[in-house]
Amino acid sequence: MNYIFAICVLILVPIVQPNISFPHQQLMLNLFYSEMAQIVDTKIGGTRCASDLETFFTDLFDMKLWALQMFDASNKLHPGVLSLNIRCYGNYDQCLDIREVVGGRVIEGQYCNAFIIPTDNLTAYFLQLFNIQNKKAKAKRLENQQYYLGICIPKSCTVNDLNLLGNGVETLFKTPFDIAFQEDFCTSRTKSIASPIDAYVFCFFGIVLAVVVASTAYDVYSWKLRKKPDLFVVFSLYTNGKKLLGTHCENDNLKCLNGIRVLSMVWVIVGHLVVIRINAFNTNNLYVLTEWQHRIENSVYFAAPYAVDTFFSMSGILVTYVHMKYSEKFTIKLSSFYLFRLLRLVPALAATILIYVSVVKYVTEGPIWHAVLKQYLTNCKETWWTTLLFVNNFVKYDNRCIQQTWYLSVDTQLYAMAPLILFSIKKNPTRTFLAIIILCFVSMVYTWTITIVKDLGFLLYWDLNPEDNIYIYFFTLSRMPAWLIGIVFGYFLYQNKNKKNSISQLANITLWLVSLCSMLAVVLYHVVFMRDNYDVTRSAFFNSLSRPIWSLAVCFIIYSCSTGRGGCVNTFLSHPVFVVLGKLTYSMYLIHVLIILVVVGNPRESTYFSNFELFHDFCGIFTDILVCSLAICLVFETPFMLLIKYCFGRYTEIKQR
């Protein structure tokens, strides 16, 4: 690194101050040229890349502007190396704008990120330097980090050429790290990202836009003539907008669910923002993260996955409550029960998949954007069908299309078994509750056992390995208790919907305190795992018990608020603004990770990670999410709910999430 810095000084200082000269400047440049020429000739001699690099070195020492721009666009040594500020990107746009005709051939700039892979000796040195060699969590964080340096080289150089050159540099300079290049981390102005399906996708969205415009125009025209609305207004922004902004709640007893749904969705967004920022390619204070994750105030980020268990609990409550409510008046067919679910979820989900496949890649560009596309956004080309069939928590789970839709798959799989439970709970509630208790116990025993047998440990949100995912985090059996607890509370909520809560004031206050303290304890206990040494038994108990405890606490709060004992908490959670925002949560759930990835993948330089930066990012990202989710809701969600109403009559009021 210091060698490159010295060359930078030797070249650039004479440009700024022509009268200044170094006694051995030419000697140093000749030495550098000789060594690099030897590496190029030995490793890739005879290739177009070798020829262009030789031209580059020659023109660089002759102070040609294009060569200086290529050198200038490459990263130099940055301050903060001891804070692991080794994710530096140079000048992306300057590199890609280079185009020079030299000797009858065109040399264009190509931007690549070089992977800097520390050797075991260097890693051990850093661990000793930071005095964290005996602290497992910090050591793991340090050992697993990836470092990148942006370089600008001729477009004729392939990734194979660059890897050969990197190997030559390692050998010549005896660097304490390895240098590697990947195709997805290299780009140029002429590198195409288009695919044949893109034209069809844009055509589809164009047709949808035309239908929306036509439907809106027809709706406004009908409204002026005071005609009764009909089927042709289902895609009208005017009609759908009024429906979206309406504050009427179909289940008045469950108004508090709107507030819980919105707040949980916000928590999910914050959790995903933290995970993506921590694992982003452009975070430049990696060592700070090892200290940040041990602060007790940051436990709220680690516990964000419990918002998912809140959604499972609410799903169970609604399945029971809504079914029992409408089954008193109508005969609900099994086919309709499942068809309503599909029509409710699939259109918006399919539209989001198309956005992932063909639209988002054109939204922005940057030093790491192609890597983000490869790692997060291109999976849909191969695994879209697992998402639409709601099986991506089992099939190709490690290559998911729309990463967060594992929850949708698990929830749909639980929904598929709901009719059996609903039928049984009507016939014999006592036996059904006993069966539910047994299922919850089996699930917890499974989670405890698999944690011990597979030595999985504590499920840290952003350090989940494949075994954590497939055996626990994405596994339907392990996530079942939260949903089953919701089923039970949904039954009791319906049975007591017109009754005042009979629990005494003292008992109600006690249960509230127990619920809130239990939830707080689950959140704060994450710091214990982050700070202390690994203990598989403790991890097994926490993995198996924490989610049922959380779900019991959430369900009691819902029950208390819905039966008139929630006080100011119920007033807050039932506010009309949550009724409106609650209608957007499904669209927000589908689109929020995509928005975060675009924002994180756009910057031209590395960024600093801190709580203030997270808050700043969240404010802007949440606004973007609201706008995009509003569009998806108005075009792909609400219209199909209206179509259900027109096509299926009285059964269409049954809504399941």
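Could you calculate the contour length gain from residue 630 to residue 288, that is, 0.36 nm times the residue separation minus the distance between their Cα atoms, to one decimal place in nm?
Residue separation times 0.36 nm, minus the Cα-Cα distance, leaves 119.4 nm.
Which pairs break 22 Å Cα to Cα here: 242/497; 361/381; 329/499?
Too far apart for the 22 Å limit: 242/497.
Could you name the aspartates and glutamates whose alpha carbon sits less than 19 Å from that of residue 426, not counting residues in the same chain fewer than 8 places away?
Once the sequence-local aspartates and glutamates are set aside, what remains near residue 426 is 328.
What FRET efficiency comes out for the pair residue 342/residue 200, r = Cβ-Cβ distance, R0 = 35 Å, nearest 0.05?
Using R0 = 35 Å, I get an efficiency of 0.90.
With only alpha-carbon atoms counted, please give the Rg and Dmax of region 183-245, in Å.
Rg then Dmax for region 183-245, in Å: 19.3, 61.
Computed from the mean reciprocal separation of all distinct C-alpha pairs, what Kirkwood hydrodynamic radius does region 232-363 have, in Å?
19.1
Between residue 375 and residue 517, what FRET efficiency comes out of the Förster formula 1/(1 + (r/R0)^6) with R0 = 51 Å and r the beta carbon distance, rounded to 0.05?
Using R0 = 51 Å, I get an efficiency of 0.80.
For region 515-657, restrict the atom set to alpha-carbon positions and state the Rg and Dmax in Å.
Rg then Dmax for region 515-657, in Å: 20.5, 60.
If Rh is defined by the Kirkwood formula over all Cα pairs and Rg also comes from Cα, what ratio Rg/Rh do you get for region 349-404?
0.99
Readers should treat all values here as calculations from the given coordinates under stated rules, not as data from a laboratory. None of these values were measured; they are calculated from a predicted model. For neighbour counting, all protein chains shown are included, and Cβ atoms are generated from backbone atoms with ideal geometry for every residue, glycine included.
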